[in-house]
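Worksheet: the structure to be examined is printed underneath.
The values are calculated or read from the model by the stated rules, or taken from the named source; none is laboratory data. The model shown is predicted, which means the values in this text are computed figures rather than measured ones. Positions of Cβ are backbone-derived with ideal geometry, glycine not excepted, and every protein chain shown enters the neighbour counts.
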Amino acid sequence: MRNIVAGNWKCHKLMNEASAWMADMNDMMANLQGVEVMVAAPAPYLGVLAPLAGRVGLLAQNVGSNPAGAHTGEFTAAMLKSCGVTGSLVGHSERRARFGDTEEAVAAKVDALLGEGLDVIFCCGETLQERQGGRAEDVVFRQLESGVLRLGADVLSKVVVAYEPVWAIGTGQTATSAQAQEMHAAIRGWMSQAWGEEAARNVPVLYGGSCKASNASELFSQRDINGGLIGGASLTPQDFWGVIEGHPSAH
Ligand code: 13P
């Protein structure tokens, strides 16, 4: 099983700050074993960060789904690959809510990444209103169904799922470990139905939403939580290291 702690800087940092973070992070994790560390950086920095990434897996936060062509402002999965990027987030709730990433668009981005052999960190999660309406599992299932459950077993080594309840993102209000585990177990169950139990066990499912050093170990100790996708607490190497150290498999 892959254990992963991934940062998502979102729309933060300038180029020099990003480079310094990469150097500091590599120093801190020089002896780290048991956990893969990744970071999703703003697109303009990716080509510069790739040769500095060292042991940090370098991700994009988004990708276009069209092949190369007359699409001003977009970039392709092949372009990411040519920069040395290892994969991308797809379907983050901020993109779904504010940038028109429909389920169809998200699915096309998944396919574009897999077509280039890049990793897909597929984000899913319900809003507060959906949870309060008792629809959390339905919503997350539907996102997974159109996004990844349709994929063949041959690409599963490239797929990571990140469950990020929208109400927990950037709010300081983390899901309890029981709430998170409950959804992660449901996700594991749907993946088992789609791909069989063993294959489903090997697809990492990360938790995201106000995860930080003080709650990481409790969350990451849950049976179906294989690590985290970290926003605010990934912005300084010190905070991020605190989260990584909280993973029970980190040594
Ligand atoms: P926060 O950790 O800041 O809540 O953000 C989570 C997130 O959206 C990571 O993708």
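Go through 228, 147, 232 for me and flag whichever is at pLDDT 95 or above and over 30 Å from residue 24 (Cβ atoms).
So the residue among 228, 147, 232 that is at pLDDT 95 or above and over 30 Å from residue 24 (Cβ atoms) is 147.
When residue 211 is tested against (1) within 15 Å of the ligand (Cβ to nearest atom); (2) farther than 15 Å from residue 36 by Cβ; (3) assigned to a helix (DSSP H, G or I); (4) not charged (D, E, K, R), exactly one condition is not met: (3).
Here are some residues: 110, 139, 155, 160. Which one is touching a Pro at 6+ places or on another chain (Cβ under 6 Å) and either modelled with pLDDT of 95 or more or part of a strand (DSSP E or B) (or both)? Result of the check over 110, 139, 155, 160: 160. Of everything listed in (1) among the hydroxyl-bearing types (Ser, Thr, Tyr); (2) buried (at least 17 other Cβ atoms within 10 Å of the Cβ); (3) over 27 Å from residue 169 (Cα atoms), the single unmet condition for residue 93 is (3).
Screening the stretch 157-177 for residues that are surrounded by fewer than 17 Cβ atoms within 10 Å (Cβ to Cβ) and touching a residue at least 12 places away in the same chain (Cβ under 8 Å) and picking the one that is nearest to the ligand (Cβ to nearest atom) gives 170. Only residues that are within 15 Å of the ligand (Cβ to nearest atom) and of a type in the set (S, T, N, Q) were counted across the stretch 85-125, and they come to 2. Among residues of the stretch 185-212 that are free of Cβ contacts under 8 Å to residues at least 40 places away in the same chain and closer than 20 Å to residue 6 by Cα, those with a beta-carbon under 7 Å from a residue that is within 15 Å of the ligand (Cβ to nearest atom) and not in a helix (DSSP H, G or I) at least six positions away or on a different chain give the pairs 188/205; 211/174; 211/228; 211/230.
Within the stretch 147-170, the set of residues being closer than 15 Å to residue 2 by Cβ and touching a Phe, Trp or Tyr at 6+ places or on another chain (Cβ under 9 Å) comprises 156, 159, 160, 161, 162. Tallying residues that are within 15 Å of the ligand (Cβ to nearest atom) and polar (S, T, N, Q) within the stretch 214-238 yields 4. For the stretch 230-251, the tally of residues that are assigned to a loop (DSSP other than H, G, I, E, B), surrounded by fewer than 17 Cβ atoms within 10 Å (Cβ to Cβ) and without any contact (Cβ under 8 Å) to a residue 40 or more places away in the chain stands at 1.
Residue 227 - would you say it is of a type outside the set (Ser, Thr, Tyr), buried (at least 22 other Cβ atoms within 10 Å of the Cβ) and in contact (Cβ under 8 Å) with a residue 60 or more places away in the chain? Against the criterion (of a type outside the set (Ser, Thr, Tyr), buried (at least 22 other Cβ atoms within 10 Å of the Cβ) and in contact (Cβ under 8 Å) with a residue 60 or more places away in the chain), residue 227 qualifies. Flag set for residue 220, criterion: under 19 Å from residue 36 (Cβ atoms), buried (at least 18 other Cβ atoms within 10 Å of the Cβ) and out of contact with any helix residue (DSSP H, G or I) (no Cβ under 8 Å at 6 or more places or on another chain).
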